[in-house]
Amino acid sequence: MRSMTGYGKAQNNTSIGIITVELTSVNHKNLDIRLRLPEFCRFLEIEIRKLLKETLRRGHVEGFLKIERDKTAIPQGITLNLPVAKAYYKEAERFYQALGIQDSIETSWILNNPDVWQTPDVPETDKIRTAVLPVIREAINHLVKTRETEGETLTIFFEQKL
């Protein structure tokens, strides 16, 4: 017997950075998958969903993928996307006016938005796929193991109660 409650985490230091994958699952009558992926990994979402569907049948599953780049390597060609930054500023200004807020707009939150920055040194998709998918599989295996352990605990509980 498997529980639907579980947690799986996997991490690996790869050529594209330190990849961390965390998966959590809780009770749900169907398989409901929610993924948070870095923008440059969105193309993997269908493959990741397929891997999860091959292994899991039920549960609300949340997945988180993080890739930490080498902090000592400075990416070349970083540029500010001014039209996007201006659009954020104008919308914030409109928001402030609508609510009658007299404070000046804090621009640091605009600069902290990843959409405002363009970095051309994103690894090619094959390199990302090769690095990420094994870490995803490992996290799924850990998730399945914790669900099985929880299922064993539930089995013992039910046997004692019955």
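The values are calculated or read from the model by the stated rules, or taken from the named source; none is laboratory data. A quick note: this is a predicted structure, and the numbers were derived from the prediction, not measured. Cβ sites come from the backbone with ideal geometry, for glycine too, and all protein chains shown count toward neighbours. Ligands, DNA and RNA are stripped out before the accessible areas are found, and what is left, the full protein with its side chains, is counted by its heavy atoms. Shrake-Rupley method; radii C 1.70, N 1.55, O 1.52, S 1.80 Å.
Applying a threshold of 8 Å to beta carbon distances and a minimum spacing of six or more residues, or different chains, the list of pairs starting in region 135-162 at a residue that is open to solvent by 80 Å² or more (accessible area, probe 1.4 Å) and ending at one that is in a helix (DSSP H, G or I) reads ARG137/LEU51.
Selection of region 4-41 for residues being of a type in the set (S, T, N, Q), more than 9 Å from GLY59 (Cβ to Cβ) and touching a helix residue (DSSP H, G or I) at 6+ places or on another chain (Cβ under 6 Å) yields ASN12, THR14. Filter region 92-134 for residues that are at pLDDT 90 or above, among the hydroxyl-bearing types (Ser, Thr, Tyr) and surrounded by fewer than 11 Cβ atoms within 10 Å (Cβ to Cβ) and give the result. None; the set is empty.
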